[in-house]
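So the structure is just underneath, and the comments pick up after that.
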Amino acid sequence: MISLTRLNGDSFTLNAIYIEQIQAHPDTTITLTNGRKLLVREEEGEVITLTKQFYRQIGLATISANQKEGS
């Protein structure tokens with residue numbers, strides 16, 4: 001889970017597994033796998049960093065790295 005901030009200042013926690021796409025135009029927009037869009041105060045790069053950290057915590061980043069090495 002990653003902690004983010006809505007444009008109105010409300011904090012919320014998002015399960016990063018459901019992130020399909022992150023865009024900045026100019027507000028950061030996160031599109032989830034169900035098509036829902038969220039606007040957040042954090043910059044695109046920060047959301048990416050938080051997501052990568054979350055993936056490492058739950059072991060997904062390790063799996064991805066091992067698969068690339070074995071290819």
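The values are calculated or read from the model by the stated rules, or taken from the named source; none is laboratory data. None of these values were measured; they are calculated from a predicted model. Note that each Cβ is placed from the backbone with ideal geometry, even for glycine, and that neighbours are counted across all protein chains shown. SASA here: full protein model, heavy atoms, side chains in, ligands and nucleic acids out. Shrake-Rupley method; radii C 1.70, N 1.55, O 1.52, S 1.80 Å.
Under the condition of being in contact with a strand residue (DSSP E or B) (Cβ under 8 Å, 6 or more places away or on another chain) and over 22 Å from residue 60 (Cα atoms), the residues counted in region 24-49 number 10. Filter region 3-18 down to the residues that are among the aliphatic types (A, V, I, L, M) and surrounded by fewer than 19 Cβ atoms within 10 Å (Cβ to Cβ), then identify the one that is farthest from residue 34 (Cα to Cα). Only one residue tops the list, namely 7. Only residues that are more than 9 Å from the chain's Cα centre (by Cα), open to solvent by 80 Å² or more (accessible area, probe 1.4 Å) and of a type outside the set (Val, Ile, Thr) were counted across region 47-58, and they come to 3.
Residue pairs whose Cβ atoms lie under 9 Å apart, sitting 6 or more positions apart in sequence or on different chains, and linking a residue in region 1-13 that is free of Cβ contacts under 8 Å to residues at least 24 places away in the same chain to a partner that is open to solvent by 80 Å² or more (accessible area, probe 1.4 Å) and among the hydrophobic types (A, V, I, L, M, F, W, C), are 13/1. Filter region 26-40 down to the residues that are touching a Leu at 6+ places or on another chain (Cβ under 9 Å) and exposed (fewer than 15 other Cβ atoms within 10 Å of the Cβ), then identify the one that is farthest from residue 1 (Cα to Cα). Filtering first and then ranking leaves 27.
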